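Q: Just dropping this structure here.
The values are calculated or read from the model by the stated rules, or taken from the named source; none is laboratory data. Being a predicted model, the structure only gives us computed values, none of them experimental. Cβ: placed from backbone, ideal geometry, glycine included. Neighbour counts: every protein chain shown. Note: accessible area is taken over every heavy atom of the protein model, side chains too, but ligands, DNA and RNA are not part of it. Shrake-Rupley method; radii C 1.70, N 1.55, O 1.52, S 1.80 Å.
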Amino acid sequence: MTSLRKFAAVLGVTVFSLASYHGLASAQEINGEGKELVMFTITASNV
Amino acid sequence: MKGAEAEAEKLGYKLTVFQNNFSQPEQDQQVQQYIASGAQPAAVIFWPWVADAAINDVRQLSQIAPVIQLTQEPNEQSWPYVQAYSGANQILIGRTVGEMLLQARDAAKAAGMEFKSPEGNLIIFQHPEGEKTGTERYKGMIEATKDAPFNEIHLEYGANSPESGYEIGSQVIPKFKGQFDFMWVSNQQAANGIIRALKENGIEPGKDVWIVSGDCSGSLDAVKNGETFGTGIQPAAVEGALAVRTAAKLVANEGKVEGEVIQMEVAAEAPAIDPGPPAKFNFMPHAPAIGADGVANTQIWGYTADEICDS
């Protein structure tokens, strides 16, 4: 691969990675994957 | 818990719940035992029973996971340990009360009622003194009625149940008999007690006095039959579901909080979760319900007014 093509490939991967990172942060599906949440509340509450 | 549990299951979380019987010492012990167990939750949802006394709990919990505070807004001392608040927007509830009072005044005028003063005389039965709920709602009510204020002739603290409503109403009503046109009561439970006291004093609610309640906990019969003009619909199950959503958004966005307020709008069905970060304040939807039609036609996130207020 020529230097120019190598450069373009690296640049393309970098741009793609940055775009993916920003895209993932906003389009990420909420999935707790079994993680724990703990709630402290009062007995009479219907929350 | 039903709202929180259902939402946790939908979002793939395992929810562990500790309930205290209106006891801060009991909650303190639960927190200590939980921390001592070595548990490592993704987030903590915390409803302090006595906010000022629970600061140590919040501080210690914040050392094991990010904390979302539920129902009671954090105060200055607890904010350093809390990532976000999720729950009722008390100022919005107060604004909604104000709007209903304005409509009640119009309706009373149309029905031929003659007021004790040009603006109409108002008595307020508020939550116990010092409770932020009452203070914030009052601010909202004043804001909503500022262009056409009522003549507030008395504010009495303490009524937040049928029993306290009746007890306090029985003392206040005779003192001001013949002087008031409107009442704003903290919640419908207390209003039901106030109504009993009014009737014992020969005063007909919905005719001699027009009543608005801040939220609808308890029987809605008095709203359906016109003894109470209107109430606010505030679903506990939605409050729980929203707290879980807020926690899930916080975890999914690696602890990021963005913006000051997210105010959820009233919707018949729960909207899809927005995957973005939570705000500092994540407020649940709130709707007025005026009369029998208002009760019949109000639905929030799949719950009818009767289901919400009976819970």
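Q: How crowded by other chains is B:9-18, given as the mean number of beta carbons from other chains within 10 Å of each beta carbon?
A: The shielding value for this peptide is 5.
Q: Per the Kirkwood definition applied to all pairs of different Cα atoms, how many angstroms is the hydrodynamic radius of segment B:3-72? Please list the in-between numbers first.
A: Numbers: mean 1/r = 0.0788 Å⁻¹.
Answer for segment B:3-72: a Kirkwood hydrodynamic radius of 12.7 Å.
Q: Follow-up question, since we're still on this one. Across 10 Å bins from 0, what is the distribution of all Cα-Cα pair distances for the protein assembly as shown, in whole percents?
A: Reading the bins upward from 0: 5, 23, 28, 20, 13, 6, 2, 1, 1, 0.
Q: I would also like to ask the following. Please compute the Kirkwood hydrodynamic radius over segment B:263-310, one decimal place, Å, based on all pairs of different Cα atoms. Write out the running numbers ahead of the final one.
A: Numbers: mean 1/r = 0.0834 Å⁻¹.
One decimal place: 12.0 Å for the Kirkwood radius.
Q: Another question about this same structure. Return the distance in nm (one decimal) between the two label points of a simple spin-label model at A:Glu29 and B:Glu204, each offset 7 Å from Cα along Cα→Cβ.
A: Modelled inter-label distance: 6.1 nm.
Q: Shifting gears a bit: Quick check: residue separation of B:Asp274 and B:Ile64 times 0.36 nm, minus the Cα distance between them. What number comes out in nm? Can you show the working numbers first?
A: Details: separation 210, 0.36 × 210 = 75.60 nm, distance 2.58 nm.
Fully extending the segment from B:Asp274 to B:Ile64 adds 73.0 nm.
Q: Kirkwood Rh over Cα pairs of segment B:160-214 into Stokes-Einstein at 10 °C, 1.306 mPa s: D in µm²/s? Write out the running numbers ahead of the final one.
A: Numbers: Rh = 10.6 Å.
In µm²/s, the coefficient is 150.
Q: Using 1/(1 + (r/R0)^6) with R0 = 41 angstrom and r between the beta carbons of B:Gln263 and B:Glu26, what's the FRET efficiency to the nearest 0.05? Spell out each step's value before the answer.
A: On the way: r = 33 Å, r/R0 = 0.80.
Efficiency, from the Cβ-Cβ distance: 0.80.
Q: At 7 Å along the Cα-to-beta-carbon direction for both B:Asp147 and B:Ser37, put a label point, then send me their distance in nm to one decimal.
A: So the two model labels end up 5.4 nm from each other.
Q: Against the 2.2 N^0.38 Å scaling, with N counting residues, where does segment B:240-286 land? I'd like the Cα-based Rg ratio to two decimal places. Don't skip to the end; give the middle numbers.
A: Working: Rg = 10.3 Å, N = 47, 2.2 N^0.38 = 9.5 Å.
The value comes to 1.08.
Q: Per residue and in cubic angstrom, what volume does the convex hull of the Cα atoms of segment B:223-266 have?
A: Dividing the Cα hull volume of segment B:223-266 by its residue count gives 89 Å³.
Q: Work out, step by step, the length gained on full extension between B:Asp306 and B:Asp293: first 0.36 nm times the residue separation, then minus their alpha carbon distance; give nm to one decimal.
A: Taking B:Asp306 through B:Asp293 to full extension adds about 3.5 nm, to one decimal.
Q: How fast does segment B:46-123 diffuse by Stokes-Einstein, in µm²/s, taking the Kirkwood radius from C-alpha pairs at 37 °C and 0.692 mPa s? The partial results should precede the final answer.
A: Details: Rh = 15.5 Å.
My calculation gives 212 µm²/s for D.
Q: Given the rule -39500 (n - 2.57) for each run of at least 4 DSSP H residues, summed and divided by the residues of the protein assembly as shown, what is its mean residue ellipticity at 222 nm, to the nearest 500 deg cm²/dmol? Intermediate results must be reported in sequence, preceding the final value.
A: Working: 12 runs with 150 residues, N = 358.
Only helices count here, giving -13000 deg cm²/dmol.
Q: When averaged across all projection directions, what area in nm² does the alpha-carbon convex hull of segment B:186-235 cover?
A: Working: hull surface 11.8 nm².
Mean orientational projected area (segment B:186-235, Cα hull): 2.9 nm².
Q: Of all alpha-carbon pairs in chain B, indicate the percentage at a distance above 36 angstrom.
A: On the way: 10628 of 48205 pairs.
Tail of P(r) above 36 Å: 22 percent of Cα pairs.
Q: Using only protein heavy atoms and a 1.4 Å probe, report how much of B:Asp208 is accessible, in Å² to the nearest 10.
A: Result for B:Asp208: roughly 60 Å² accessible.
Q: Give me the orientation-averaged projected area of the Cα convex hull of segment B:74-166, in nm², one decimal. Can you show the working numbers first?
A: Details: hull surface 31.2 nm².
Taking a quarter of the hull surface, the average projection is 7.8 nm².
Q: How many Cβ atoms of partner chains, on average, are near each residue of B:57-69 if near means within 10 Å of its Cβ?
A: The mean count of partner-chain Cβ atoms within 10 Å per residue comes to 1.
Q: Right, another one. Counting C-alpha atoms alone, how compact is segment B:156-298: give Rg to one decimal and Dmax as a whole number, in angstrom.
A: 19.0, 61
Q: Hey, another quick one. By what distance, in whole Å, do the Cα atoms of segment B:222-311 stretch along each of the three principal axes, largest value first?
A: For segment B:222-311, the Cα spread along each principal axis is 50, 21, 17 Å.
Q: In addition: Using a simple spin-label model with points 7 Å from Cα along the Cα→Cβ vector, what separation in nm is obtained for B:Asn56 and B:Glu76?
A: A separation of 2.2 nm, rounded to one decimal place.
Q: Packing-wise, with mean Cβ within 10 Å as the measure, how do B:299-305, B:241-247, B:186-192 rank, highest first?
A: Working: B:299-305: 20.0, B:241-247: 29.6, B:186-192: 27.1.
So the order, starting with the most tightly packed, is B:241-247, B:186-192, B:299-305.
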